[in-house]
Amino acid sequence: MKPAEPRILIATNMFPTPEYPWLGIFVREQVDSLKSLGVNVDLSIHLGRVSRWNYFRGLYDLTGKLRKNHFDLIHSHHTYSTFLALAANRLAFRSVPVIQTFHEGEIFSRRDCRAGHLPGRLKYSVSFKRRVLEKCR
């Protein structure tokens, strides 16, 4: 009997579109590579660059996918996507392991951004990123 293919859900706020064909090209390449290896990959794309409301839509999408399917792993790209994946996991009453790929270096910084508006502070908040990362397995 052949073992079941691994199932991975990728949560990302970066993925190529006609308007931004370069945005997150490495995520598309990762998906293509995993599929070529026989891994069953599902995507949840929530482009915050287009609209901040896409994060709410992403939470809804992730929660629905987790409720309807079994996944062995959630791989998120960026802290906001990880936050959504962790929240969706709880809303769907699942405990799928979440791993995160960072695309910035401020997680290694020793200081938080204190100036600016709330989205800007969250974007560069080392403490927020560390708290989210602590929840990953």
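Placing His78, His70, His103, His46 in order of accessible area, with the largest value first and a 1.4 Å probe, yields His70, His103, His78, His46.
In segment 9-98, the portion of solvent-accessible area held by carbon and sulfur atoms comes to 60 percent [1.4 Å probe, whole percent, DNA, RNA and ligands not counted].
I'd like to check one number: the per residue accessible area of segment 1-62, probe 1.4 Å, reported in Å² as a whole number.
The answer is 64 Å² per residue.
The values are calculated or read from the model by the stated rules, or taken from the named source; none is laboratory data. Because the structure is predicted, anything quoted here is derived from the model rather than measured. Calculation scope for accessible area: heavy atoms of the full protein, side chains included, ligands and nucleic acids excluded. Shrake-Rupley method; radii C 1.70, N 1.55, O 1.52, S 1.80 Å.
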